[in-house]
Structure formats: structure tokens, C-alpha cells
Amino acid sequence: MHLNPIIYDGLKQKRKQFAVLIDPDKYDASHISVLSEYANNGLIDYFFIGGSLLTEDHLDKWIDLLKANTRTPVVLFPGNTLQICPKADAILFLSLISGRNAEMLIGKHVIAAPYLKSSSLEIIPTGYMLIDSGKQTAASYMSSSQPIPYDKHDIAVCTAMAGEMLGLKLIYMDAGSGALNPVSEMMIKQVKSNISIPLIIGGGINTAEKAQKACGAGADIIVVGNAIEKKPEVIASISSSIKSF
Ligand code: 1GP
């Protein structure tokens, strides 16, 4: 377990940052190489890697390839304990604070703890909040938890505040991969003004305009997965809209 918070110090920076989410099942080696080039050109700040359900055994391979091709940090975004890979730089140690499934709040963490302790991964305690986006998402189904309703800003604010009070170091509000509607600007604004830890926003952000709106509302780190799987070229415009802040 890595004791120096190198990745977390980076995530805490004042400037807005861009994380590309890699679902290992959806990529092949050539696509990973394309992403590495964008990263080496300074357009990507982090790779998040993981998924709600992985059916192929690519996680290790893609981490090896990313580490061989680029120095951009690789951060695990695990859907379950099978997705702990010690070759990454860090792990978002996600507690699903929007739900009431004890396994996702603390149970899986107990199982993972000894493996993480003996790894060199940097552990980043993260309050993970699913926000309703108009359709059920894989994350909500697989975690047996209900998302926070789209327009219940007060619930989101109180949940994020409680997460910070419990000592979590990041809040990640996620509308879910391929969400019809990203998290609303109003919800981002209200949560951001009530916490002092960095706020990550993801789910359904597929254009530079949507990334810009989320940044304008207070997101510190924007995560994009789906749109980039379909069209890696969007990295350029989304990255410049985030970095223009
Ligand atoms: C999902 O926040 C991520 O967990 C990214 O969502 O795939 O819709 O970009 P998208």
C-alpha cells in the first residue's frame, strides 16, 4: 500500500482535469495505443479502468500496455473485488454512499483490505454516488442499489456532506455509463458548494459542451467513457473544453 498520496495530490489540483474511463471489455490493443498517444500529447490526465461487469480477461493486459506506452496515471475504478490489479498506480476505494447495500458500503472493502495492504497501490477513499439518469444503469443493477433521484438535490448534498465528514477524500457523482442525462448542473453546483473535497462527475458526458457545463457548475474532474469508445477523436474537443477553465 502506497503511503504517499501522489495521485490524490494531483486530483486535488485547482485546475479542472480529464479522466478517460476504459471498460476493458470494450477495447483492443490498437485502441489502447490510440488512447496512449492522446495521453502523451497532454490531453488526458488520468486513465480510470474497470466496469460494473467484466466478461473477458483483459484488465491486466491493458494496464500493462498503458504502463508501457505512457506515464499518465492508471487508476482502478473497480466494479468488484475481482478488479484489483496491483500493476495500476492507484485505486478509487469506492464506498457506494448513495445506496444502502452494506456489501457495497463496507463488505467488499473488508475482503479487499489485505490484498490492498500488501500491494503498492495508492488507496483513494471515494464516496461514490449514483444519480438517476432516466433509465436503469448497469452500476445500479449490479450493485443492487437505488440511485439518488435526478432532481433531489438536497439528498445529494447531504449524502456528499456525510461522505466528507466520514473522511472520504473524493466524491464521485455518476449518472452511469451511457446515461441519457448527465448529472444536472444544479445538483453539481449545490453539492460542490457544500463540500471541500474534489468532485468527480461522470456518466452521459459525450460532448465538449456537456463537459464544459459540468465544469462550470463545479466539477473538478470529468470522466468520459462511452463517447470515447465510439469515437476517440472527441478526446481533443472535450479535453480543450475542460482545460479552458
Ligand atoms: C461511468 O462515469 C462513467 O461510470 C462514464 O460514463 O461511459 O457515459 O461516459 P460514460
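The values are calculated or read from the model by the stated rules, or taken from the named source; none is laboratory data. Source: prediction; values computed, not measured. Heads up, the Cβs are rebuilt from the backbone with ideal geometry, glycines too, and the neighbour counts pull from every protein chain shown. Note: accessible area is taken over every heavy atom of the protein model, side chains too, but ligands, DNA and RNA are not part of it. Shrake-Rupley method; radii C 1.70, N 1.55, O 1.52, S 1.80 Å.
Considering each of 92, 121, 116 in turn, give the residue that is in contact with a Cys (Cβ under 9 Å, 6 or more places away or on another chain) and aliphatic (A, V, I, L, M).
The unique qualifying residue is 121.
Conditions (1) open to solvent by less than 30 Å² (accessible area, probe 1.4 Å); (2) on the phi < 0 side of the Ramachandran plot; (3) in a loop (DSSP other than H, G, I, E, B); (4) among the polar types (S, T, N, Q), marked per residue:
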site	(1), (2), (3), (4)
13	no, yes, yes, yes
19	yes, yes, no, no
25	no, yes, no, no
39	yes, yes, no, no
67	no, yes, no, no
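Output the number of residues of segment 155-176 satisfying the condition of being within 16 Å of the ligand (Cβ to nearest atom) and in a loop (DSSP other than H, G, I, E, B).
Selection size over segment 155-176: 2.
Can you pull out the residues in segment 99-116 that are in contact with a helix residue (DSSP H, G or I) (Cβ under 6 Å, 6 or more places away or on another chain) and surrounded by 18 or more Cβ atoms within 10 Å (Cβ to Cβ)?
108, 112, listed by residue number.
List the pairs whose first member sits in segment 201-215 and is open to solvent by less than 10 Å² (accessible area, probe 1.4 Å), whose second member is among the aromatic types (Phe, Trp, Tyr) and more than 11 Å from the ligand (Cβ to nearest atom), and whose Cβ atoms are under 7 Å apart, counting only residues at least 6 apart or on separate chains?
Final answer for the pair search is 215/245.
Kindly provide the set of residues from segment 201-243 that are assigned to a strand (DSSP E or B) and either within 10 Å of the ligand (Cβ to nearest atom) or more than 24 Å from residue 50 (Cβ to Cβ) (or both), ordered by number.
Correct list: 201, 202, 222, 223, 224.
Taking segment 177-200 as the search range and keeping residues that are polar (S, T, N, Q) and not in a helix (DSSP H, G or I), which one is least open to solvent (accessible area, probe 1.4 Å)?
184
What tally of residues in segment 134-176 results from selecting those that are on the phi > 0 side of the Ramachandran plot and open to solvent by 40 Å² or more (accessible area, probe 1.4 Å)?
Count: 2.
State the number of residues belonging to segment 69-82 that are part of a helix (DSSP H, G or I) and modelled with pLDDT under 95.
Number satisfying all stated conditions: 2.
Please indicate, with yes or no, whether at least one residue in segment 116-130 is part of a helix (DSSP H, G or I) and free of Cβ contacts under 8 Å to residues at least 24 places away in the same chain.
Scanning segment 116-130, I find no residue that is part of a helix (DSSP H, G or I) and free of Cβ contacts under 8 Å to residues at least 24 places away in the same chain, so the answer is no.
Tell me, which residue of segment 47-65 that is under 22 Å from residue 222 (Cβ atoms) and modelled with pLDDT under 95 is least open to solvent (accessible area, probe 1.4 Å)?
51
Residue by residue through segment 131-176, note down the ones that are without any contact (Cβ under 8 Å) to a residue 40 or more places away in the chain and in contact with an Asp or Glu (Cβ under 7 Å, 6 or more places away or on another chain).
Within segment 131-176, 149, 150 meet the criteria.
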